[in-house]
Every structure is written in structure tokens, then in C-alpha cells.
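The values are calculated or read from the model by the stated rules, or taken from the named source; none is laboratory data. Nothing here was measured: the structure is a model prediction, and the numbers come from that model. Backbone-built Cβ (ideal geometry, glycine too); neighbour counts: all protein chains shown. Only protein heavy atoms, including side chains, enter the accessible area calculation; ligands, DNA and RNA are left aside. Shrake-Rupley method; radii C 1.70, N 1.55, O 1.52, S 1.80 Å.
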Amino acid sequence: MVNRNRMVDEFVELVRIDSLSLKERQMCDTLKRKLTELGYQPVEDDAGQKLGGQCGNIICTVKGSRDVPAVLITAHMDTVVPGIGKTPVIEGDIIKSDGTTILGGDDAAGIAVILETLKVIKEQGVSHGDIQIAFTIGEEMGLLGAKNLDYSRIYAKYGFILDSDGRIGCAAVKAPSQNKIHAVIKGKAAHAGMEPENGVSAFSIMADAISSMKLGRIDEETTANIGTVHGGVATNIVCDRVEIDGEARSRDESKLQAQTEHMRECFVKAAEKWGGKVEFISEIEYPAFNISRESEIIKILESAAAESGFAFEAVTTGGGSDTNIINSKGIQAVDLSVGMTKVHSVDEQISITDMENAVLFLISILKNIR
């Protein structure tokens, strides 16, 4: 049923396209052309204009013959760095990077699976309801495309996001909220060699704060991290300003707020101790989602798994994806595995058989929409 060689060729073609976040123009044009060649009418929304990117999200509706709820199927067009000049290497059943860049299977694999699914259901005359496709931009920068998707064009009841690792048949049904944290520590500048005692080092405040902070794995639902630090202008000046970016995540809202407050208190107490000041800003990057095991979408997945021979497994994740945003818009959505592994690294790879099976599972899902 699945044309394995065609799918691999298409995946390799997509992987070779440079498509960093908000620089997805070539990928967008390629996908619009491919959808048009299939006989559909893709449109591009204005998300790129809002975000200062090269292009917007692609939205395409494939009309069905069955009177069942419409579904939204999505994957994102952008990749992380190092993602320029990607060279896929095929070794048997595995496609991997050449070791100098990421592969870009996150999320070219999701796109390739969706395109092959559309081709198979058309060739095989598979009966289905309306299918809405969304290829989003800026996912790797904070789900920006999904946040700015033109939802006035979307009427789907269920969402299936092709953007997860793991065994085929797995679906992420629970994911955390994330608070984005930005702290500015203000000390006092002084000559580091002649009068360091007259200065207040912002770095000393930062070190004190972070050393007293609970970071990493807080509990099974909660994590926290300091990601970037920027500060200082010269070795002979006591640093008077440091900017810090971090995050806190939890699948429990009260734990998320408690962890965020703990991080704020650590900065404030350290600033008071050393005689400096701190500005602390936290804002929600994306909301959590939690799909009940009794929900209709789970029943659909269970029926599809039974029909296609894949063991369905509902899993939780510590990551965020477009699925978080789509659920927040009132569309019941899960994140489906396409088999990608070691993503966001130069060791990234994917199994061709997993991609093939992801197509079969997705087709079965479409057939089991009730």
C-alpha cells in the first residue's frame, strides 16, 4: 500500500531543504507545489508577516466523502541548528545525518508521512471525512506558527500532530505547561584592578542565586533549567549587568507556579545579599494538555491500532509541541510518533520502516473517525 521508495525520495528531498525557524520560504513553496500537484488548494496565512518570517503557515483542506467530524493533521516546517547543508545518509533501513548537521527528520518525517498518506488514500480510494492539513512555521522557537495559525479556517474536531519519537502506535496525551523566565541582575561597575571593592558583581549575584536553585528534574512532573547567560563587557570592569534566560515546566499547574516562585526568590535573595537588584519576568510559553483515557480521540486511536496491528500506548511527555497550542484552541489533539530518534543532535536518525508504519497507522486513524 505504501510506496516505500517514493516516500524515501520525498523525505530525502525535504531534508535537503534549508528550513531554519522563520526562514522556511523554500520549504513552504515546495510543499504548496506538492499539494497543488495532488489536486488540492493550499493557502498560506499571514503568520509570517506577524512574526517577521519569510512565510506563513500552510493550510489545506481535503474534502472527504464520509459524514464524520473533520480532523486536523499537522507537522512543522522548521528545524533547529545546525541545519544548513543537511546531507542524509541511507544505510539499510536507517536514514541518518552525515554527522555534521542534524538530519531534520524533526519534522520532515512528519511532513513526508502526511504527504504519503494523502497519496495512498487517493490512489486506494480510501473513504474518509474532511482532512485539514497544517504545516506550521517557527515551532522550534516557541510554537510560534501554531500560536498564529489562522484558526478561522480550521473546523476540525480532532487533531493529530506528527512530531514525536517512540514506537509507532504511541501517542502523547499529556504534556506540561512551560513558563519562560527572564532575569536581569543589576550590580555596580568599578575598575576590577584598582577598586573592585567599590563594585557589585552581577556575576556573583547570579552564581549565588543559581547555586541555591533547584534545577533539572524536580519531580516526575516538573523540570527547570537555566539556558543562557549574557553579561560583561571587559575583564577589567566589575560586571554590572547580567541577563539570564531559563524555564520551568510542569504537568501540574500548582507545581509550575511554585517552581517559578522559588527561582524568583533565589534571584531576589542573592541580589539583596550582595547589594544589587534584579528584574524577574515570567510568562507562559504554552499551556499543558491532558487527554482523558475516556475521550473520543482515545477510542479512535484504540480502534485504529486494533485494525492496523499496532499496539496503542498513551504516553506522557516533558516536551512541548504544537499539540499544546492546538488543544488550547478547543481541538482535542494528540502527538503521534513517527519514529524519529536522537533529535536535535548530529546523531539524529530515523527508520524507514517506522515511517512506513506511521503512514499505515495514520490511514487507519482516518478510517476510524466516527
Matching residues in the range 73-93 - criterion: being crowded, with 23+ Cβ neighbours inside 10 Å, assigned to a loop (DSSP other than H, G, I, E, B) and β-branched (Val, Ile, Thr) | none
Provide a single number: the residues in the range 215-242 that are under 23 Å from GLY275 (Cα atoms), more than 21 Å from the chain's Cα centre (by Cα) and not polar (S, T, N, Q).
-> 12
Filter pass, PRO42 being open to solvent by 10 Å² or more (accessible area, probe 1.4 Å), in contact with a Lys or Arg (Cβ under 6 Å, 6 or more places away or on another chain) and of a type outside the set (Gly, Ala, Ser) = yes
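Looking at the range 1-17 only, could you name the residues that are part of a loop (DSSP other than H, G, I, E, B) and either closer than 14 Å to ALA134 by Cβ or open to solvent by less than 40 Å² (accessible area, probe 1.4 Å) (or both)?
VAL2, ILE17
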Inspect all residues belonging to the range 18-32 and state whether any of them is surrounded by fewer than 19 Cβ atoms within 10 Å (Cβ to Cβ), outside any helix (DSSP H, G or I) and modelled with pLDDT under 95.
-> no
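Check ALA172, ALA109 and return the single one that is surrounded by 24 or more Cβ atoms within 10 Å (Cβ to Cβ), in a strand (DSSP E or B) and out of contact with any Phe, Trp or Tyr (no Cβ under 6 Å at 6 or more places or on another chain).
Going through ALA172, ALA109 in turn, just one is surrounded by 24 or more Cβ atoms within 10 Å (Cβ to Cβ), in a strand (DSSP E or B) and out of contact with any Phe, Trp or Tyr (no Cβ under 6 Å at 6 or more places or on another chain): ALA172.
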Among the residues of the range 297-306, is there at least one that is open to solvent by 10 Å² or more (accessible area, probe 1.4 Å), out of contact with any Leu (no Cβ under 8 Å at 6 or more places or on another chain) and either at positive phi or not in a helix (DSSP H, G or I) (or both)?
-> no
With respect to the numbered conditions (1) under 30 Å from ASP67 (Cβ atoms); (2) surrounded by fewer than 24 Cβ atoms within 10 Å (Cβ to Cβ), which one is the sole condition not fulfilled by ASP163?
-> (2)
Answer yes if at least one residue in the range 138-158 is out of contact with any helix residue (DSSP H, G or I) (no Cβ under 9 Å at 6 or more places or on another chain) and under 30 Å from VAL278 (Cβ atoms), and no otherwise.
-> yes
Selection within the range 255-286 - open to solvent by less than 40 Å² (accessible area, probe 1.4 Å), touching a helix residue (DSSP H, G or I) at 6+ places or on another chain (Cβ under 6 Å) and not in a strand (DSSP E or B) | CYS266, PHE267, ALA270, ALA271, GLY276
Within the range 318-363, the residues that are hydroxyl-bearing (Ser, Thr, Tyr), buried (at least 21 other Cβ atoms within 10 Å of the Cβ) and in a loop (DSSP other than H, G, I, E, B) are SER321
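Each row is one residue, and each column tells you yes or no for (1) modelled with pLDDT under 95; (2) more than 23 Å from the chain's Cα centre (by Cα).
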position: GLY275; (1), (2): no, yes
position: GLU283; (1), (2): no, no
position: PRO287; (1), (2): no, no
position: ASN290; (1), (2): no, no
position: SER303; (1), (2): no, yes
position: GLY318; (1), (2): yes, no
Restricting attention to the range 112-141, the residues that are assigned to a loop (DSSP other than H, G, I, E, B) and open to solvent by 10 Å² or more (accessible area, probe 1.4 Å) number exactly 5
